[in-house]
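Asker: Can you keep this structure in mind? I'll have questions shortly.
The values are calculated or read from the model by the stated rules, or taken from the named source; none is laboratory data. This one's a predicted model, so the numbers in the text were calculated from it and none came from an experiment. Virtual Cβ from ideal backbone geometry, glycine too; neighbours counted across all protein chains shown. Heavy atoms of the whole protein, side chains included, go into the accessibility calculation; ligands, DNA and RNA do not. Shrake-Rupley method; radii C 1.70, N 1.55, O 1.52, S 1.80 Å.
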Amino acid sequence: MDNNSINNVTKHPSLGEGLGGLLIDLPKITDPRGNLTFAEAQQMVPFDIRRAYWVYDVPGGESRGGHAHKRLRQFVIALSGSFHVTLDNGRERKTVLLNHPWQGLLIDVNTWRTLDDFSSGAVCLVLASEHYDESDYIYDYDEFLAYVGRNGVLTK
C-alpha cells in the first residue's frame, strides 16, 4: 500500500505491514457549536474519490462486507456509533474497532473485509477509489485465497 501521498494526518501502524489496512486520524476542529472533521482526496485519502456510500440500520447480529476487491481501495469511517472491521490478507487477520468520526480505515486491494458488531444507530461511510463494478468483487473466500496466491500477494 503506497501511503506516501497521505498528508496532515496521524497514521496508526498497529495493523502491521502488509495486512492491507491503515488506521488514520483525520483533522478534528473542535468548536463549542459542534466539531468538524473533513477528508480530502489525494490529501488524507490517497486516491480520487469516485463513489461514496453509507451503511446504516444494520440489524443486530448482521454483518456487511464479506468480500475483497481487485482494484478498488476504500476509506471507511464510523460517522456515528461503532462497528468492527476484520481485515484478512490470506495469511493473517486483524480486527479494528471504528468508533470515532475523526478516524478512518484505509483498506487496500486484495484484502478480505468483514464489518460486524454494529452498535444501535451506527452509520458507516465508505469512500471508494472506483465506480461500482461487479467484476471487481471477490465474494468467495476460497476464490480470494486462490486469487491472492496467483498474484503473488501471499508470497510477500
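Asker: Measuring with a 1.4 Å probe in the full set of protein chains, what accessible area per residue, in whole Å², belongs to region 66-156?
Answerer: Working: 4070 Å² over 91 residues.
Ligands and nucleic acids excluded, the result is 45 Å² per residue.
Asker: Of the residues 86, 114, 37, which exhibits the maximal mean-square fluctuation in a Gaussian network model of the chain defined by a 10 Å Cα contact cut-off?
Answerer: 37
Asker: Largest first, what is the accessible-area ranking of 76, 109 with a 1.4 Å probe?
Answerer: So the residues, ranked largest to smallest area, are 109, 76.
Asker: Taking only Cα atoms and a 10 Å spring cutoff, compute GNM fluctuations for the chain and point out the largest among 43, 74, 103.
Answerer: 43
Asker: Dipole of the chain, Cα-centred, from +1 at each Lys and Arg C-beta and -1 at each Asp and Glu C-beta, to the nearest 20 debye?
Answerer: 340 debye
Asker: Please state the Cα pair-distance histogram of the chain with 10 angstrom bins from zero: what percent is in each bin?
Answerer: 11, 40, 38, 10, 1, 0
Asker: Round to the nearest 0.05 the FRET efficiency obtained for residue 91 and residue 135 when R0 = 22 Å and r is the Cβ-Cβ distance.
Answerer: 0.30
Asker: Further question on the same structure: Give the residues of region 52-91 whose amide nitrogen is closer than 15 Å to a point set 7 Å from the Cα of residue 114 in the direction of its Cβ.
Answerer: 61-68, 84-91
Asker: Next question. Taking the 0 to 90 degree range and rounding to the nearest ten, how far is the long axis of helix 141-150 tilted relative to the main principal axis of the chain, both from C-alpha atoms?
Answerer: Helix 141-150 sits at roughly 70 degrees to that axis.
Asker: Taking the Cα of residue 151, stepping 7 Å toward and past its beta carbon, and measuring to each backbone N in region 74-91: which are under 20 Å?
Answerer: 74-76, 86-91
Asker: Ok, one more. How far apart, in nanometres, would the label points at residue 143 and residue 42 be if each is projected 7 angstrom from Cα along the Cα-to-Cβ direction?
Answerer: That separation, rounded to one decimal, is 3.4 nm.
Asker: Same structure again: Going from most exposed to least, what order do 54, 112 have by accessible area with a 1.4 Å probe?
Answerer: So, going from the largest accessible area down, we get 54, 112.
Asker: A follow-up question, please. Name the most mobile residue of 38, 47, 83, meaning the one with the largest mean-square fluctuation, in a Gaussian network model of the chain with Cα contacts below 10 Å.
Answerer: 38
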